[in-house]
Amino acid sequence: MPVDCSDARYELKIGDRVRRSLIRHFHTFIVKQVKSRGIDADDPRVFNQDMIEAEAWRLAATVIEEAEREFRNDEFGAQIGMLVPSSASEYLQLHLPDRVAEAEDDYLTDSHGALSRFIGLASGHFPGPL
């Protein structure tokens with residue numbers, strides 16, 4: 001009896017090392033951006049360190065969700081053969097840097113002032129209601 005194997009797909013599940021690496025990256029990115037605006041982001045008396053960490057986790061989670069969704073929706077991700085990367089790591093190396101750059105750009109250019117709003121909240125000087 002032949003078995004129908006047509007209903008199968010590859011999935012990308014990003015592990016803890018990649019997740020931690022992204023969190024560290026975004027933590028550094030946020031601190032650098034805050035410092036570039038003249039605020040000492042390393043001083044807990046000036047800037048809420050837990051909020052930096054939470055924001056880094058949020059940005060990392062966004063990138064991870066987008067990368068996993070992109071793989072599921074990628075027309076090549078569901079094909080077996082030469083078009084499929086030889087490993088999930090290879091796929092990430094090809095696609096993750098663009099997702100990270102997009103997340104950073106979105107964060108800096110958000111029309112609602114994502115970074116500016118975050119700085120106001122984390123420094124305790126947010127000018128106005130949310």
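Quick notes on this one:
- FRET E, pair residue 101, residue 43, Förster distance 25 Å, beta-carbon r, rounded to 0.05: 0.30
- Förster radius 35 Å - calculated FRET efficiency between residue 7 and residue 121, Cβ distance, rounded to 0.05: 0.15
- Fully extended contour minus Cα-Cα distance, from residue 110 to residue 21, at 0.36 nm per residue: 29.7 nm
- Modelled FRET efficiency - R0 25 Å, residue 53 with residue 90, Cβ distances, 0.05 increments: 0.25
Here, each number is a calculation from the coordinates, and none is a lab measurement. Just so it is clear, the model here is predicted, and its values are computed rather than measured. All Cβ positions, glycine included, derive from the backbone under ideal geometry; neighbour counts span all protein chains shown.
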